[in-house]
Amino acid sequence: MKTILYKSEPVRGEHWQKLLADLAPEYRFVQWNSLDFSDGDPEIFAEVDYLVAWVPPENIAQRMPQLKVLFSVGAGVDQFDLTQLPASLPVVRMVEPGLTQGMVEYVTLAALALHRDLPLYLQQQKQSLWKSHPVVSANKRRIGVLGLGELGQATLNMLKNFGFECHGWSRSGNTPEGVTGWAGVEQLPAFLSHCDIMVCLLPLTPQTRGMLNGELFARLPRGAALIQTGRGQQLVAEDLLAALDSGHLRAAVLDVTDPEPLPLEDALWSHPGVWITPHIASQTQPETAVTALLANLQRYEQGQPMQGEIDKTKGY
Ligand code: NDP
């Protein structure tokens, strides 16, 4: 019997446990919070085959000598210190339809709200001000997505249905049909000049940390808006506030911040051009995540490539 150790939020873990017991009783599922560490590492560590974690424990290779794969419960792996993991240990991020659907919903909601000037009308309501502004048709609005992976592509596939002019940027520039693709740092300025609404769906890596800064904002068209659903450390918050205050940017929807939770005194909370949600754009859904995990275990055990296996040298 293979052993899966789960180290993440325990209430969701109970849900995973029930689903796995129904779908794949041949696996033993152990929750981290059920273990007794009073005499050091519990004996079960010697039998762990697969670790499913948000933040893994230290020295996992030494402490779990049978460990075959490390799975992230989330879409990102930036919470892992990849330099501390054995080169031979496969690391797999979460790719599952529930998580993708959640992100598509969130970005669509935010993009439509920005497209239809909802932040402006909510401000006007506070002043009991009945004042209309021209409605821009979707085909005159350009939306650009930074990051064309699982989430970026799914989001663009939804947005293009509204008739928006869609653009996407990534390393490779692989885009869905109907989307103009831009690749690499050389094409970033041209991509940015096409974004009336820019969405960030990049993973956090050394290259993307601090990337949403004043220099990048200056390349966006005047009056552009930002949707930040990547990771908080990609955004230089002071630069965003300066760009909003100068009127160069008109609004920002932030689902992720640095740090999280955002401190009470942070200026982002009260800025009229900023909407904040507490990192809920999308969440891993146990039903679909357990199915995705089992499909990957089957692939791994049959010697096939797993979906979502990351390249440690790239960091995503
Ligand atoms: P993927 O790994 O599938 O896609 C990442 C994309 O980013 C790829 O298109 C990749 O390019 C591109 N990319 C990475 N680094 C660079 C770079 N330096 N320059 C240009 N392009 C780059 O990830 P997902 O789509 O599944 O997820 C994206 C991120 O969304 C996650 O890492 C996480 O940070 C965030 N997220 C946020 C959530 C929330 O609730 N706010 C929930 C889930 C995820 P290429 O295709 O060329 O390799």
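With the gyration tensor restricted to C-alpha atoms of region 100-276, the semi-axes of the equivalent ellipsoid amount to 24, 20, 15 Å, longest first. Just to be sure I understand the curve: with the Debye formula and one point per C-alpha of region 65-154, what is log10 I(q)/I(0) at q = 0.14, 0.19 Å⁻¹? Treating every Cα as an identical point scatterer, log10 I(q)/I(0) equals -0.72, -0.97. Axis of helix 97-115 versus longest Cα principal axis of the chain: the two differ by about 10°, to the nearest ten degrees. With contacts taken as Cα pairs under 8 Å and at least 6 residues apart, the chain reaches a relative contact order of 16 percent. Expressed in Å, the radius of gyration and Dmax of the Cα atoms of region 183-294 are 15.2, 51. Note on region 132-230: the alpha carbon radius of gyration divided by the globular reference 2.2 N^0.38 Å gives 1.02.
Can you tell me what share of the DSSP beta bridges in the chain is antiparallel? A percent to the nearest 5 is fine. For the chain, the DSSP antiparallel bridge percentage is about 0. Charge tally around Thr277: other residues with Cβ under 14 Å, Lys/Arg +1 each, Asp/Glu -1 each, net -3. In the distance distribution for region 11-95, Cα-Cα pairs more than 17 Å apart total 51 percent.
Using the alpha carbons alone, the radius of gyration of the chain stands to its Kirkwood radius in an Rg to Rh ratio of 1.02. In summary, the aspartates and glutamates within cross-link reach of Lys18, defined as a Cα separation below 18 angstrom excluding same-chain residues under 8 places away, comprise Glu9, Glu26, Glu287. Each label was represented as a point 7 Å from its Cα along the Cα-to-Cβ direction; for Trp130 and Asp266 these points are 3.9 nm apart.
The long axis of helix 10-23 is offset from the longest Cα principal axis of the chain by roughly 60 degrees.
Counting every C-alpha pair in region 1-157, the share spaced more than 23 angstrom apart comes to 55%. Considering only Ala21, Ala243, Ala224, the mean-square fluctuation computed in a Gaussian network model of the chain, springs between alpha carbons under 10 angstrom, is largest for Ala21.
Normalised Debye scattering of region 252-316 at q = 0.15, 0.23 Å⁻¹ gives log10 I(q)/I(0) of -0.72, -0.96, counting only Cα atoms as equal scatterers and leaving out solvent.
Over the chain, DSSP H runs of length four or greater, each weighted -39,500 (n - 2.57), average out per residue to a 222 nm ellipticity of -9000 deg cm²/dmol.
Can you list the aspartates and glutamates whose alpha carbon sits under 12 Å from that of Lys140, skipping same-chain ones fewer than 8 residues off? Excluding near neighbours in sequence, the set is Glu165, Asp196.
Shape of region 4-43 from its Cα gyration tensor (a ≥ b ≥ c, root eigenvalues): rounded if a/c is under 1.5, otherwise prolate when a/b > b/c, or oblate? Taking the square roots of the gyration eigenvalues as a ≥ b ≥ c, region 4-43 is oblate. Here's the list of lysines a cross-link from Lys312 could span, going by alpha-carbon distance under 20 Å and ignoring same-chain residues fewer than 8 apart: Lys68.
Here, each number is a calculation from the coordinates, and none is a lab measurement. As the structure is a prediction and not an experimental result, all values here were calculated from the model. Cβ atoms come from the backbone with ideal geometry, glycine included; neighbour counts cover every protein chain shown.
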